[in-house]
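Read through the structure below, which is laid out as structure tokens, and then see the notes.
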Amino acid sequence: MEKALVVDNDKLIVELIAGILEAQGIAVTRAYGGLEALSFLKQENFDIVFLDLVMPRVGGDRICKFIKQSPRHAQTRVVIVSAVALEAESKIAELKPDACIAKAAYPVLKENIEKTLSFLQTKKRGDNMFSAHEGVFPRQIVKELLFAQRHFEAILNSLCEAVIELDTDHMVTYVNPSAQTLLGKQEWEVIGRNFVEGFPPDKAQEVRAVLDDIMTSHTKKTIELVLNYSDREYSLSFTNVIRDGEHIGTTVVVNDLTEKRMLEQERALRERLTGVIEMAGAAAHELNQPLTVISGHAELLLRDAERGDQNLVRRAKTILEQVERLGNLTRKFTSIVSYKTKECGGNITIVDIDRAARADGANTIKIKGLWE
Amino acid sequence: MKLQELADRIGLDIQELQEMLEIFLSSGGEDLARLEAAIAAGDAQRAHEASHSLKGSAGSLGLDRIFELAKAIDDKDRQGILDGLDAMVRELRAEYDALVAALRQIDPR
């Protein structure tokens, strides 16, 4: 072991561990938080990383996942140093670190670190986790707190909304699985990246403006932003996280509205089609009566004309009346402004043209009298 | 407070201990001030964060009395209880100030 990274938000612990390592001739880089650790890990390789588990913002669990999934750090050993090493044992085991040390008073800590170092000299990466828990006992209260934390994690993980947490520099510190799917990226590819810079330039400007606005507020504030690009529509809901009147970060909830919009359009189209079909039924029904009358009278007209009958004028008038009636119907069809139906017997519903037509009869098509 | 005794007990030489104590006093001092302010403001959540942090740092350096007091306070404020903590916080402040004085005696700045 030549190069080590020591990560803890407690400066004292960082110095204590660094002192122990430096005494062994190991060069130590110090990181006082998860984001800082990530920025080192993106640029440098380390033989061994000492990680605190519980840190604000980006915790050691996520740093450990980042190291384990990154080909660059295939040779890096991870040692979790935690005050909750015993209580979080199953969670730590899932992370598959090379070793786990319980935080303890300095002499015990020193002994455990030295033991771990000599153990790791002889073991390959991927061997069973080495645990050093001497002088430490599990505490029920910590177990309960960890259980509560896992409970909230499970809720966030199961949300279909994408949830993203940003720090005051707009760096991503948390993404739930839905957000990873939406962004098309793994958690470790997203954490530590600037949220604004992920967008195309013109959209980035809009997002930055919202974030700048929200950061200046000293009370809780939510801003909605709808973005359209790459044939998709997203709604972003930004809420500031306020603590003691100070802005300490922003949560962003993202919904992909594209599917919803498509479903809405489909439904509207279906409704229109239903209307058209029922309208065709109504037209046929309403037109049938005057047509029957017209054809009957036309036949009678023909017969009377053959006999040289005086009823000719009366029949011609009837025909005209019925044509006028048809004209009224077509005027109503062109004035339909709403969708009203009526029962037509035999479980058939047709458009109620009289109720659906506009009262003022706009768009009237006048039928010129044949004789005028 | 005998710093040499503490150094021997936890296996650091006196100079290393001094360096660690400086770090402890800086972060621990902030924790203590936050704890006092949170108790005055009746904010149990913040009090808990401060006492918890102080407990951890003191524990790692073997500062037993500060650790015990911070732990006793932490056990209460974690449950939202702030009543009756004043005396313990005063004692904690006294222990902290004594540590500062002991350190300044060796290394007057």
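Bear in mind these aren't lab numbers, they're just calculated from the coordinates by the rules spelled out. Fair warning: this is a prediction, and the values are worked out from it, not measured in the lab. In this analysis, Cβ positions are derived from the backbone assuming ideal geometry, glycine residues included, and neighbour counts consider all displayed protein chains.
Taking the centroid of alpha carbons for each part, the range A:303-318 and the range A:7-79 are 107 Å apart.
Each residue of the range A:327-333 was assigned a 3J(HN,Hα) from its phi angle through the Karplus curve 6.51 cos²θ - 1.76 cosθ + 1.60 (θ = phi - 60°); the sequence is x, 4, 5, 5, 4, 5, 4 Hz, with glycine and proline shown as x. Taking the longest Cα principal axis of chain A as reference, the axis of helix A:258-307 is set at about 10 degrees.
Rg then Dmax, both in Å and based on the Cα atoms of the range A:159-253: 12.8, 41. Summed over qualifying helices (DSSP H, 4 residues or more, each -39500 (n - 2.57)) and divided by its residue number, chain B shows a 222 nm mean residue ellipticity of -27000 deg cm²/dmol.
Note on chain B: Cα-only Rg and Dmax are 14.0, 41 Å. Would you tell me the mean number of C-beta atoms belonging to other protein chains that fall within 10 Å of each C-beta in A:5-16, as a whole number? Taking the mean over all residues of the peptide, I get 4. Would you please give the residues with an amide H less than 5 Å from that of residue A:78, counting only those at least 5 places away or on a separate chain, with H modeled from the backbone geometry? Counting only residues 5 or more places away or on other chains, the set is A:49, A:98, A:99.
Say the cut-off is 24 Å between C-alpha atoms; which of B:2/B:55; A:3/A:91; A:91/A:221; A:42/A:103; A:42/A:185 go over it? Listed pairs above 24 Å: A:3/A:91; A:91/A:221; A:42/A:103.
Basic side chains Lys and Arg get +1 at the Cβ, acidic Asp and Glu get -1 at the Cβ, and with that the dipole of the range A:3-137 about its Cα centre reaches some 500 debye. Per-residue mean of foreign Cβ neighbours for A:286-293 is 0 (Cβ atoms of other chains, 10 Å radius).
If one takes the longest principal axis of the Cα atoms in chain A, at what angle in degrees, from 0 to 90 and to the nearest 10, does the Cα axis of helix A:106-122 lie? Its long axis makes an angle of about 80 degrees.
Helices in chain B that qualify as membrane-span-like (whole DSSP H runs, Cα extent of at least 27 Å along the helix axis, mean Kyte-Doolittle hydropathy of -0.5 or higher) are B:14-41, B:86-106. Calculate how steeply helix A:60-69 sits against the longest principal axis of the alpha-carbon atoms of chain A, using the helix alpha-carbon long axis, and give the answer as 0 to 90 degrees to the nearest 10. It is inclined by approximately 80 degrees. Based on alpha carbons, the Rg and Dmax found for the protein assembly as shown are 39.3, 142 Å.
Inter-chain neighbour count for B:12-20: the average number of beta-carbon atoms from partner chains within 10 Å of each residue's beta-carbon is 2.
Note that the range A:238-244 has calculated 3J(HN,Hα) couplings of 9, 10, 7, 9, 10, 9, 6 Hz, one per residue in order, obtained from phi through the Karplus relation 6.51 cos²θ - 1.76 cosθ + 1.60 (θ = phi - 60°); glycine and proline are x. Based on the Kirkwood approach, the hydrodynamic radius assigned to the range A:261-356 is 15.8 Å, with every pair of different Cα atoms included.
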